[in-house]
């Protein structure tokens, strides 16, 4: 479904897309790096509206979100396209193509919201590819979802300009942002984008009161340098993000990095220990099965409060999200 895009300027013989930091300058007929936004005779049109290519009901823990309505179901969707070009993209078959070139379902925002309600979901998640590229679809759906009492979750690399983010965060309740690494050159090599806009997004979402969690995928040879990771943890602490859950995830060979070995469990656990030592309160290690960093632990008395096995949970939290042992409030949005 074609739909006029938001956030662009018209010049004499081209348009400037201002949705993300790429700021693509597009002459008539040209499409941006995201593969979704095209200049059609001076009007910027998006091909990513009302046409999801992926649609599933997931546990919210799969996003991953461990401190946001745990144990609930979320209707997850995406369209084709992405404004990153990650060498390790797990969803490259849909992220690195145009919506015009892939099979999709026609599903306007009102029907998507109705589907979430009918299936007993507590939220809608904009995920799989990067929802920045289907911004208008996400925004319109999130508005309607909020009216129906549903929550909205954005799973994103956070590569978006401040003005569209400011509008969007009025409707987004929770976000998991991929912080790929903490070095600009590595970011460009691994994903084709810069680091600073992602940091800006993290701080803006936090300031706006959006529940925030962070994923850091450890890719051997790219994002596994301990000195770089140490700087990342320092930045999180310096910006009062100490109570933001961080998911240290294992890389497995995929896409253009099939030659790279999977991340060892030892390095993941070493990084997790470093995070705890730095003062980060909620550290999780993902993609290696159940481990000592799977459960939610009280940062005050070390009581295990939420036990996890896969996506199944057993919560011992007191009403209001407090520790059963010491009554410490545990950061999160608890049902």
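What follows is calculated from the coordinates using simple rules that are stated; it is not laboratory data. Since the model is a prediction, treat every value here as computed from it, not as a measurement. Note: ideal-geometry Cβ built from the backbone for every residue, glycine included; neighbour counts use all protein chains shown.
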Legend entry - Of 324, 296, 38, the one that fluctuates the most in a GNM where the chain has Cα springs shorter than 10 Å: 324
Legend entry - Estimated inter-spin distance, residue 4 and residue 97, nm [label 7 Å along Cα→Cβ]: 3.1 nm
Legend entry - Sites residue 117 and residue 333 - FRET efficiency at Förster radius 30 Å, r taken between beta-carbons, to 0.05: 0.90
Inset, instruction - Please label the shape of the stretch 93-168 as rounded, prolate or oblate, based on the square roots a ≥ b ≥ c of the eigenvalues of the alpha-carbon gyration tensor (a/c under 1.5 means rounded; beyond that, a/b larger than b/c means prolate, else oblate). - result: oblate
Legend entry - Gyration tensor verdict on the stretch 186-284 (Cα atoms; rounded if a/c is under 1.5, prolate if a/b is larger than b/c, oblate otherwise): oblate
Inset, instruction - Between 213, 316, 47, find the one with the highest GNM mean-square fluctuation for the chain; connect C-alpha pairs within less than 10 Å. - result: 316
Inset, instruction - Treating the angle as unsigned and between 0 and 90°, give the value, to the nearest 10°, between the Cα long axis of helix 135-147 and the longest Cα principal axis of the chain. - result: 60 degrees
Legend entry - Selected from 222, 171, 68 as most flexible by GNM, with the chain as the system and alpha-carbon contacts under 10 Å: 222
Legend entry - Entry for Cα Rg over 2.2 N^0.38 Å (calculated from the structure that is shown) out of (1) 1.41; (2) 1.05; (3) 0.98: (3)
Inset, instruction - Compute the separation of the alpha-carbon centres of the stretch 63-93 and the stretch 94-122 and state it in Å as a whole number. - result: 13 Å
Legend entry - Modelled FRET efficiency - R0 25 Å, residue 266 with residue 203, Cβ distances, 0.05 increments: 0.20
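Could you tell me whether the stretch 71-217 comes out rounded, prolate or oblate from its Cα gyration tensor? Rule is a ≥ b ≥ c as square roots of the eigenvalues, rounded for a/c under 1.5, then prolate if a/b exceeds b/c, otherwise oblate.
Oblate.
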Inset, instruction - Using a Förster distance of 25 angstrom, determine the FRET efficiency expected from the C-beta separation of residue 43 and residue 258, and round it to 0.05. - result: 0.05
Legend entry - Alpha-carbon centroids, the stretch 238-294 and the stretch 158-226: separation in whole Å: 16 Å
Legend entry - DSSP bridge pairs, the chain: antiparallel proportion in percent, nearest 5: 50 percent
Legend entry - Euclidean distance between Cα centres, the stretch 1-59 to the stretch 123-143, Å: 14 Å
